[in-house]
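Read the figures in this text as sums done on the coordinates, not as results from a lab. All figures in this text were calculated on a predicted structure; none of them were measured in a lab. Cβ placement follows ideal geometry from the backbone for every residue including glycine, while neighbour counts extend to all protein chains displayed.
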Amino acid sequence: MKRVYNFSAGPSMLPEEVLRQAGNEILSYKGCGQSVMEMSHRSSVFQSIIDRAESLLRDVMKIPDNYKVLFLQGGASSQFA
């Protein structure tokens, strides 16, 4: 299959290995028996996802510990609406 390269400002293409991993985990994320889309946002598995995402974001963006990281729904047009 020929891959299409997307250079737009919106969603971009993902590496094939990322797509394969997502495909493999769509039915059971890391063997927990459900996908991320099905699990409670209060579950320990989901909390581990959020904790890792925050840690990686802090590392990449050099966010100091005295700053809070907020994961909010919506985009720029509906932020704080």
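For a quick check: with amide H placed at 1.01 Å from N, whose amide H comes under 5 Å from Met13's, ignoring anything fewer than 5 positions away on the same chain?
Hits under the 5 Å cutoff: Asn6.
Taking the simple approach of a point 7 Å from Cα along Cα-to-Cβ for both Met39 and Ile26, what is their distance in nm?
1.8
What's the longest uninterrupted piece of the chain once you rule out the trypsin sites (Lys or Arg not before Pro) that are loop residues per DSSP with at most 16 other Cβ within 10 Å?
Numbers: sites that count: Lys2, Arg3, Arg42, Lys62, Lys68.
Here the longest run is 4-41.
If you average the sequence gap of Cα pairs under 8 Å that are 6 or more apart and divide by the length of the chain, what percent do you get for the contact order? Before the final figure, lay out the partial values.
Values: 25 pairs, mean separation 7.8, N = 81.
Contact order relative to length: 10 percent.
Excluding residues fewer than 8 places away in the same chain, name every one of the aspartates and glutamates whose C-alpha is closer than 18 Å to that of Lys68.
Here the aspartates and glutamates satisfying the reach criterion relative to Lys68 are Asp51, Glu54, Asp59.
Using only the Cα atoms, work out Rg/Rh for the chain, with Rh taken as the Kirkwood radius, to two decimals.
Details: Rg = 15.8 Å, Rh = 15.6 Å.
We get a ratio of 1.01 for the chain.
Just grab the label-to-label distance for Glu17 and Val4, each label 7 Å out from Cα along the Cβ direction, in nm (one decimal).
2.6
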